[in-house]
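Presented below is the structure to which this report refers.
Just so it is clear, none of the values below were taken in a lab; they were calculated from the coordinates. Model, not experiment: these values are computed from the prediction. Ideal geometry is used to build each Cβ from the backbone, glycine not excepted, and the neighbour counts take in all protein chains shown.
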Amino acid sequence: MEIIKTDVAIIGAGGAGLRAAIAVAESDPNLKVALISKVYPMRSHTVAAEGGAAGVKKPTDSLEYHFHDTVGGGDWLCEQDVVEYFVAQAPVELTQLEHWGCPWSRTEDGHVNVRAFGGMKIERTWFAADKSGFHILHTLFQTSIKYPSIKRFDEHFCVDLVEEDGRCQGVVVIDTSTGEFALIEAKSVIIATGGAGRVFRESTLGGIVTGDGLALAYRHGVALRDMEFVQYHPTCMPVTGLLFTEACRGEGGYLVNKEGYRYLQDYGLGPLQEKPKNKYMELGPRDRLSQAFFFEQQNGRTIEHPTLGSVVHLDLRHLGEAYLLERLPLIYEMAETFMGLDPAKDPIPVRPGVHYTMGGIKVDGKCASSLKGLYAIGECASVGLHGANRLGSNSLTELLVFGKVAGVDAAKNAESATAGNSANLLKQAQAVEQRVTALKTKTGGTEKIAVIRKEMAQTMEDGCGIYRVEKSMQATCDKLAELRERFKNINIDDKSSVWNTDWLTAIELDYQLDVALSMAHSAINRKESRGAHQRLDGFEERDDVNFLKHSEAYYVAGNAPRIALGDVKITTSQPAERVYGAAGDKADQERKESHD
Amino acid sequence: MTENLKIIEIEVLRYNPESDQEPHLEVYKVPFSDDMSVLQGAQYIKDNLDGSLTFRWSCRMAICGSCGMMINGIPKLSCSTFLRDYHPNRIRIEAMAHFPIEKDLVVDLSGFIEKLESIQPYIIPKEPRSLEQGEYLQSPKQFNDYIQFTSCINCTLCYAACPQFGLNSDFIGPAAVALLHRYNMDSRDGAAAERMELVASEEGVFNCSAVGYCSVVCPKQVDPANAVNINKTNAAKDYFLRFLSPKGGSK
């Protein structure tokens with residue numbers, strides 16, 4: 001087996017991994033960086049983010065406003081010290097990206113422009129038309145080429161971590177183009193592999209979003225925190241789940257039901273606004289909007305489409321073709337290509353789809369996990385920024401702010417830590433090779449990957465959807481346990497070495513099943529409703545006495561995860577009623593008066 | 001569910017380097033609905049008929065650039081090309097032309113990546129600026145000068161379309177030149193002169209025979225042919241100006 005020695009290994013080369021790699025290279029050019037990704041960096045799913053990245057920009061805005069929007073938006077399950085750091089660093093990092101060439105959209109006078117986004121009190125979302133993630137990713141990838149200390153391992157698939165004396169000391173990878181294993185020894189390892197939304201059926205996500213890094217850390221004893229909080233984005237293309245950005249509504253789009261009625265006014269987001277008004281109507285937070293869809297459907301007010309199912313209409317027609325082409329060109333193209341309609345002339349049928357994993361690998365404010373030398377950043381991590389519901393446009397900024405933090409700290413750790421015992425690490429890597437190869441070479445399996453994957457995605461939607469009840473969550477837990485067993489009997493058609501995606505897909509499915517189990521068991525354990533976790537079986541209210549707590553799922557080999565509860569860090573914002581629209585303004589006013 | 005669906009025949013160029021002497025065609029019958037892309041057709045084959053069929057894909061929305069292939073001989077993204085547009089005829093999918101095949105529909109992109117890395121695809125600031133000074137300002141004109149050339153998704157369809165790249169794989173090619181041009185045209189950048197050497201080199205723009213097919217197949221309207229043309233002019237100008245000024249003529 002090939003052995004590669006490096007200082008910092010980064011798994012995943014999307015926005016977070018690339019930003020971290022650059023941070024290591026800038027803080028100590030003598031450190032070697034191994035940047036490992038199962039796809040070429042520019043294929044990473046950061047590429048599909050549309051709307052933009054949040055950071056205070058306008059003179060009328062403040063760090064305090066951004067803090068309160070984020071903490072309230074997260075239904076008070078955020079780590080508030082982490083949020084404070086985040087909002088302060090956000091504008092710095094977004095400016096840094098501008099210096100690196102990111103083509104942020106501009107105002108007439110040449111400054112970076114900002115747009116409105118859901119749950120944000122002031123416009124603070126920096127955007128590059130509606131291809132913000134694409135431009136962030138390509139800017140970071142291209143900038144990373146400048147640094148000779150970053151050695152990329154493109155199309156290398158990570159199958160395990162190696163550790164010694166309670167320290168992470170490297171990773172084991174498969175070179176996709178040859179099928180050969182390699183051990184990459186490292187003093188620091190950063191996981192930046194993105195979310196796990198593909199465990200659900202209808203999602204906005206690319207095929208690569210399979211939660212690999214979550215499962216890797218989890219199996220090494222690190223807790224997965226707040227995994228029950230899965231974000232449904234309210235405006236997705238039916239069937240495929242492809243995303244129509246929240247910026248559609250930030251720019252003034254309406255959501256209407258089958259009566260042509262802007263139904264959000266009935267869900268605590270009114271009164272009705274003609275023009276987009278921050279934190280009102282269509283600019284409410286994602287969890288509330290997806291929940292409103294659920295009730296519209298229950299009450300027979302959605303549009304029943306023969307092939308698309310239940311939908312509502314995203315109406316952009318009043319914005320006009322020219323404005324749509326300037327601000328939302330990708331949305332325009334997608335509506336035309338994939339749905340055969342012209343958004344300047346036709347309303348777009350949409351419904352909620354799974355979009356984001358709020359929870360993740362439990363790390364502290366410096367992105368360090370409980371396993372020494374192991375860090376996690378971005379969607380796979382739970383640094384404590386998003387709480388029970390992420391606000392749109394906070395996650396792209398998160399990649400930058402915490403990508404840098406992790407890079408700087410992983411570099412410091414690599415400078416002081418010693419390398420592991422190579423012989424011992426190699427022995428571990430060889431055992432990994434044997435185990436993973438056996439999955440491919442074994443014969444006589446009868447279960448198909450595609451069948452198990454489909455059943456997993458269906459049961460996750462059934463039990464862990466927008467609204468949840470004990471009975472269906474239990475059925476999901478049971479079904480996942482059954483699938484975990486059936487996975488042992490899997491068959492892999494392709495026995496070859498070169499580019500064996502049949503085999504790699506099976507390894508991904510193995511990761512997905514573990515992550516799905518952590519989600520379902522965290523969900524059934526949370527007997528309250530908060531943010532994206534909403535119950536209809538006697539636990540409809542938020543319960544701060546028992547559940548102002550993080551869920552922590554611990555891996556138990558061959559069994560259901562163990563769920564523990566952890567404390568939430570509160571600094572200045574005491575939990576209050578979470579309100580939007582006119583009620584939100586009233587609450588803001590009262591808070592202000594009580595401070596004066 | 002499949003009983004109401006129409007059936008299309010998909011002919012796939014298969015190649016497994018470990019067992020095949022050369023690529024060969026195999027035909028699969030795929031039930032499809034009108035909303036199904038060619039990519040979904042390939043996924044159907046992999047999930048139901050033959051798990052060893054190999055292709056790259058991810059986003060499904062024509063932005064990650066993974067899923068390019070030859071579809072009836074034309075380079076296209078398979079996620080945004082639809083089976084309904086070929087039915088009732090048979091459809092043929094093959095690996096992108098002009099690249100070595102690794103397996104089935106997967107081609108070796110390492111040469112393209114090296115080209116991308118060679119053009120210094122990052123801002124080399126004309127005037128350094130600290131973060132405390134805030135963003136660089138860009139007028140709408142300055143912005144419009146380069147924004148079109150930022151849209152490349154690195155799908156490499158333009159390389160599969162380019163006859164000159166087919167003849168000489170050292171040619172840096174349409175997408176890399178478009179990206180180079182993107183940085184040269186950015187008001188924040190001051191390194192056009194440094195990049196000129198590559199533009200005018202043996203691997204550079206003069207390989208292009210102005211067929212323009214690269215821009216026809218580009219799924220993002222980047223118009224790389226235009227970038228190549230402008231750089232031919234720039235390189236020619238630079239060549240003549242070198243006689244007048246030792247520093248050359250580029251900005």
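Here the average projected area of the convex hull drawn through the C-alpha atoms of the protein assembly as shown stands at 34.7 nm².
Of the cross-linked pairs A:Lys131/A:Lys258; A:Lys366/A:Lys569; A:Lys279/A:Lys586; A:Lys549/A:Lys569; A:Lys454/B:Lys46, those separated by over 19 Å at the C-alpha level are A:Lys131/A:Lys258. Each of B:Ser37, B:Ser130, A:Ser382 has some number of other Cβ atoms within 10 Å of its Cβ, and from fewest to most they run B:Ser130, B:Ser37, A:Ser382. Short to long, the 10 Å bins of the Cα pair-distance histogram for region A:105-250 hold 9, 26, 32, 24, 10, 1 percent of all pairs. Counting Cβ atoms of other protein chains within 10 Å of each residue's Cβ and taking the mean over peptide B:127-140 gives 5.
Computed on region A:234-354, with alpha-carbon pairs under 8 angstrom and 6+ residues apart, the relative contact order is 33 percent.
Relative contact order (percent) for chain A, with alpha-carbon contacts under 8 angstrom and 6 or more residues of separation? Value for chain A: 22 percent. Looking at the protein assembly as shown, the DSSP beta bridges with both ends there are about 70 percent antiparallel.
Ordered by the count of other Cβ atoms within 10 Å of each Cβ, fewest first, A:Ile136, B:Ile71, A:Ile466 give B:Ile71, A:Ile466, A:Ile136.
When the Gaussian network model of chain B links Cα atoms closer than 10 Å, the mean-square fluctuations of B:Pro31, B:Pro88, B:Pro219 top out at B:Pro88. Rounded to whole numbers, the Karplus 3J(HN,Hα) couplings from phi for region B:162-175 are 7, x, 6, 5, x, 7, 9, 6, 7, 3, 5, x, x, 5 Hz, using 6.51 cos²θ - 1.76 cosθ + 1.60 with θ = phi - 60°, and x at Gly and Pro. Arranged from fewest to most other beta-carbon atoms within 10 Å of their beta carbon, A:Lys277, A:Lys362, A:Lys345, B:Lys103 become A:Lys345, A:Lys277, A:Lys362, B:Lys103. Centroid-to-centroid, using Cα positions, region A:170-212 and region A:119-165 are 14 Å apart. The distance separating the Cα centre of region B:57-78 from that of region B:88-156 comes to 16 Å. Over the protein assembly as shown, DSSP H runs of length four or greater, each weighted -39,500 (n - 2.57), average out per residue to a 222 nm ellipticity of -11000 deg cm²/dmol. Projecting label points 7 angstrom from Cα along Cα→Cβ for B:Ser209 and B:Ser19 puts them 4.0 nm apart. Rounded to whole numbers, the Karplus 3J(HN,Hα) couplings from phi for region A:185-197 are 7, 8, 7, 10, 10, 10, 8, 9, 9, x, x, 9, x Hz, using 6.51 cos²θ - 1.76 cosθ + 1.60 with θ = phi - 60°, and x at Gly and Pro. Neighbouring Cβ atoms from other chains, within 10 Å of the Cβ of residues in A:101-108, number 5 on average. Remark: region B:83-99, residue by residue, has Karplus-estimated 3J(HN,Hα) of 4, 4, 6, 10, 4, x, 6, 6, 10, 10, 10, 9, 4, 4, 5, 6, 10 Hz, where x stands for each Gly or Pro and the curve is 6.51 cos²θ - 1.76 cosθ + 1.60 at θ = phi - 60°.
Dipole magnitude for region A:429-566: computed about the Cα centre from +1 point charges on Lys and Arg Cβ and -1 point charges on Asp and Glu Cβ, it is near 240 debye. Scaling against 2.2 N^0.38 Å puts the C-alpha radius of gyration of chain B at 1.19. Do you know the relative contact order of chain B, to the nearest whole percent, from alpha carbon pairs under 8 angstrom that are 6+ apart? Relative contact order for chain B comes out at 17 percent.
What pairs from A:Lys448/A:Lys479; A:Lys442/A:Lys488; B:Lys6/B:Lys29; A:Lys58/B:Lys141 go past 18 Å between their alpha carbons? Those over the limit are A:Lys58/B:Lys141. For region A:429-566, the square roots of the Cα gyration tensor eigenvalues, ordered a ≥ b ≥ c, give a/c of at least 1.5 with a/b greater than b/c, which places it in the prolate category.
Picking from B:Leu49, B:Leu13, B:Leu137, which is most flexible by a Gaussian network model of chain B using Cα springs under 10 Å? Most flexible of the set in this elastic network: B:Leu137. With a 10 Å cut-off around each Cβ of B:145-156, the average count of Cβ atoms from other chains is 4.
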